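Colleague: Sharing a structure below in structure tokens format, with a few things to ask.
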């Protein structure tokens, strides 16, 4: 199996290294990831200007790695069209530092990269965890989840989305499968404004979240310390 791995936290992020270490047991891994932080890039793509692709000394034997000056979606497109021959059988995106669930999915560069793979008809899985301090959950559960979901059928323009809660293994209640994306009111953001002498304003966003959700959704599962797994539609 030929596996392409990317993320939106950048090629030097610890989450992508963990994903590579776990994914190697399933096949040959190629890494193409942004050269820096690209969180909230969504499905943004680069057109009309060149991209810079550089080989990266990733330090894991047998893994070819490249950094790209573009977005996570660019990384997948470059991998599929130019770098990998044969083309990838599966694209894995993550492990993202922070949840990608509920309304946050529309902003997620992690999920955006998986959506780009779906455009090409390639199986794709996005993986996120609330906080990388709880990576032990991924060590315990992600190998089995990948074994199940690398081949599990998806509908057209769908990807699998996996989120790990912020808790220890002893606090984790297990895995909930086939969850819906929460449509509950998740945001409670504020913007402060400080007027300057020239009449302009300095705006600062203060992120807020409503930690309440409908049962059977990804958000509800995470709130209750379950690993949340479910399909996400690219085009509804």
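Colleague: Considering only the range 109-137, state which residues are surrounded by fewer than 24 Cβ atoms within 10 Å (Cβ to Cβ) and either in contact with a helix residue (DSSP H, G or I) (Cβ under 8 Å, 6 or more places away or on another chain) or outside any loop (DSSP other than H, G, I, E, B) (or both).
Modeller: Of everything in the range 109-137, those that are surrounded by fewer than 24 Cβ atoms within 10 Å (Cβ to Cβ) and either in contact with a helix residue (DSSP H, G or I) (Cβ under 8 Å, 6 or more places away or on another chain) or outside any loop (DSSP other than H, G, I, E, B) (or both) turn out to be 118, 119, 120, 122, 123, 130, 132, 133, 134, 135, 136, 137.
Colleague: Could you pull out every one of the strands (runs of 3 or more DSSP E) wholly within the range 1-100 that has 2 or more residues that are within 27 Å of residue 167 (Cβ to Cβ) and within 20 Å of the chain's Cα centre (by Cα)?
Modeller: Once the strands (runs of 3 or more DSSP E) in the range 1-100 are filtered for at least 2 residues that are within 27 Å of residue 167 (Cβ to Cβ) and within 20 Å of the chain's Cα centre (by Cα), what remains is 2-6, 90-97.
Colleague: Loosely packed, with under 11 Cβ neighbours inside 10 Å and not in a strand (DSSP E or B): is that true of residue 185 in this structure?
Modeller: No, not satisfied.
Colleague: Determine the pairs where a residue that is at negative phi and part of a loop (DSSP other than H, G, I, E, B), located within the range 189-200, has a partner that is surrounded by 10 or more Cβ atoms within 10 Å (Cβ to Cβ) and modelled with pLDDT under 95 with Cβ atoms under 9 Å apart, the partner being 6 or more residues away or on another chain.
Modeller: Every condition considered, the pairs that remain are 189/208; 189/209.
Colleague: Further, regarding this structure: Any chance you could count how many residues in the range 1-14 are touching a residue at least 60 places away in the same chain (Cβ under 8 Å) and either buried (at least 19 other Cβ atoms within 10 Å of the Cβ) or under 21 Å from residue 53 (Cβ atoms) (or both)?
Modeller: Count: 9.
Colleague: In the range 146-172, how many are under 30 Å from residue 86 (Cα atoms), touching a helix residue (DSSP H, G or I) at 6+ places or on another chain (Cβ under 9 Å) and surrounded by fewer than 22 Cβ atoms within 10 Å (Cβ to Cβ)?
Modeller: Residues in the range 146-172 being under 30 Å from residue 86 (Cα atoms), touching a helix residue (DSSP H, G or I) at 6+ places or on another chain (Cβ under 9 Å) and surrounded by fewer than 22 Cβ atoms within 10 Å (Cβ to Cβ): 6 in total.
Colleague: Hey, can you tell me all the residues within the range 15-34 that are touching a strand residue (DSSP E or B) at 6+ places or on another chain (Cβ under 8 Å), on the phi < 0 side of the Ramachandran plot and surrounded by fewer than 18 Cβ atoms within 10 Å (Cβ to Cβ)? Lay out the reasoning, then the answer.
Modeller: Of the range 15-34, the ones touching a strand residue (DSSP E or B) at 6+ places or on another chain (Cβ under 8 Å) are 15-16, 18-20, 23, 26-34.
Keeping just the survivors that are on the phi < 0 side of the Ramachandran plot gives 15-16, 18-20, 23, 26, 28-34.
Once the filter is applied, which keeps residues that are touching a strand residue (DSSP E or B) at 6+ places or on another chain (Cβ under 8 Å), on the phi < 0 side of the Ramachandran plot and surrounded by fewer than 18 Cβ atoms within 10 Å (Cβ to Cβ), the range 15-34 yields 26, 28.
The values are calculated or read from the model by the stated rules, or taken from the named source; none is laboratory data. The structure displayed is predicted, hence computed values, not measured ones. Reconstructed Cβ throughout: ideal geometry from the backbone, glycine too, with neighbour counts over all protein chains shown.
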